[in-house]
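Values quoted throughout were computed directly from the atomic coordinates according to the rules given, and no laboratory measurement underlies them. This one's a predicted model, so the numbers in the text were calculated from it and none came from an experiment. Here the Cβ positions follow ideal geometry from the backbone for every residue, glycine too, while neighbour counts run over all protein chains shown.
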Amino acid sequence: MRLSAKGEYGVRAMVYLALNYENGPVPLRAISQSENISQHFLEQIFAILRREGLIKSTRGAKGGYTLAHLPQHVYVGDIIRALEGPLFPVDCLSEDGQADKNRRCNKTEDCLVRNVWEKLREHIDNLLDNISLQDMLDWSIENKKAEYEKVR
């Protein structure tokens, strides 16, 4: 399973919003420049994130985007699913049954490896649903402290 650029850039942009959460709305241009992501592509990503209730937009001279919730209440799994849809490592686990029909397995009921794929999906979901944007910020602070300690 591989995330698209939309999922990867969406998480990066959301971390940037979390980093600037206390500073008010962030212009899309600032995120685009800081994260080296096309502003046009960010507009598409942010339209989805706004529709899913993960961000809010403010119009005007001091407008921009903010997280709709505190960083500790926004999870990577929410962002990825909003942008990518349900996560599944193989087509036979597709929740809506709309996966590539040429790659679907006919042995769903008596498949000997399906349990492995189900456990993988559960672990991926569990991991992404337990990492908040605040966790990511905290890890960054911890890493910087550790780097500082090495230099001293």
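With a Förster radius of 35 Å applied to the beta-carbon distance between Ala30 and Arg2, the computed FRET efficiency rounds to 0.75.
For region 1-95, applying the loop criterion from DSSP together with a ceiling of 12 other beta carbons within 10 Å to the GluC sites (Glu not before Pro) yields Glu95. As a calculated quantity, the FRET efficiency between Ser140 and Asp110 at R0 = 41 Å, using C-beta atoms, amounts to about 0.30.
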